[in-house]
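The next block holds one structure in the form of structure tokens; read it before the comments.
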Amino acid sequence: MQTQNLMKFEIEEEFDDIRIDKVLSEYLSDLSRTYIQKIISGGRVTIASVPVKANYKVSAGQEITVDLPEPETLQVKAENIPLDILYEDSDIIIVNKPKNMVVHPAAGHYTGTLVNALLYHCKDSLSGINGIMRPGIVHRIDKDTTGALVVCKNDQSHQFVAAQLKEHSITRRYEAICYQTFRELSGRVECPIGRHPQERTKMAINYKNGKDAVTNYTVLENLGAKYAHIECRLETGRTHQIRVHMSSIHHPLLGDTIYGPAKDPFSLEGQTLHAKVLGFIHPTTKKYMEFEAPTPAYFSNLLNKLR
């Protein structure tokens with residue numbers, strides 16, 4: 001096996017008697033669960049030099065060794081799709097993702113994704129840690145969510161930024177428009193999020209199998225008697241977190257027909273959610289940097305209409 005991408009982790013007390021694939025999903029939060037299971041089945045995850053299976057239950061104090069494979073040759077095609085670049089250097093690129101763009105190729109979306117555009121723009125300068133379908137991708141935002149996203153150009157930068165994501169030290173502030181006005185102008189939702197027990201394509205508040213999730217919100221403006229413009233600050237980054245949390249307190253996002261009303265009164269293309277501010281420590285300079293993605297026109301126009 002290759003040793004260039006060797007990583008070691010000591011099992012913390014909180015993960016005692018937990019399956020190793022679940023534990024690695026926490027330690028390597030930038031990797032998909034499927035990819036983690038793939039490297040485990042390939043014998044690349046060992047304890048005391050012995051390969052383990054995905055259902056192996058770890059013990060506190062054990063040391064896990066992970067030998068990440070070299071990136072496979074990417075089959076996804078580069079496409080000349082314009083990018084709104086907020087910042088770029090030899091380590092990272094900050095992109096303002098538009099609405100209706102999927103971040104990386106997956107079933108049903110093999111072209112027109114952000115990855116297709118990045119492959120054209122960056123050529124071979126993208127990290128390979130996250131597998132052949134997600135080069136450079138450290139974190140994601142939904143197809144219909146707009147805003148700032150960091151992409152890494154090399155594995156060292158990828159690991160450095162991913163570590164900040166795991167520690168929840170990255171600044172992430174979103175703006176959204178939701179149903180119902182607020183009496184209290186700020187609040188905090190702290191409820192675990194996991195797969196919906198019946199509808200597997202949806203997420204839900206899940207106290208049995210969910211992961212800790214925290215969203216802080218501030219009301220920027222109550223809009224008439226029916227809607228509100230809010231800012232959400234993430235302490236964690238679970239799938240659909242803001243959408244699920246705001247829906248759970250009876251303030252689903254406008255345009256979100258999955259977690260809100262099935263009928264959208266404004267015929268929007270998905271939820272009104274914008275990743276406005278992104279801040280983190282730069283992997284090379286070790287200085288804090290913060291980036292702001294301009295509010296998209298559709299969002300501003302809707303605000304004016306609702307005022």
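The values are calculated or read from the model by the stated rules, or taken from the named source; none is laboratory data. Values in this document were obtained by computation on a predicted structure and should not be read as measured data. Heavy atoms of the whole protein, side chains included, go into the accessibility calculation; ligands, DNA and RNA do not. Shrake-Rupley method; radii C 1.70, N 1.55, O 1.52, S 1.80 Å.
General remarks:
- Residue of Arg173, Arg183, Arg44 that the Gaussian network model of the chain assigns the largest fluctuation, springs spanning Cα pairs under 10 Å: Arg183
- Base-10 log of normalised Debye intensity for segment 162-280 (one unit scatterer per alpha-carbon) at q = 0.11, 0.19, 0.23 Å⁻¹: -0.35, -1.04, -1.39
- Prolate/oblate/rounded label for segment 7-46 (Cα gyration tensor, a/c 1.5): prolate
- On a per residue basis, the chain carries 50 Å² of accessible surface, using protein heavy atoms and a 1.4 Å probe.
- Rounded to the nearest whole angstrom, the semi-axes of the ellipsoid equivalent to the chain, taken from the Cα gyration tensor as √(5λ), stand at 34, 24, 17, largest first.
- Remark: relative contact order (the chain) = 15 percent; criterion is Cα-Cα distance under 8 angstrom and separation of 6 or more residues.
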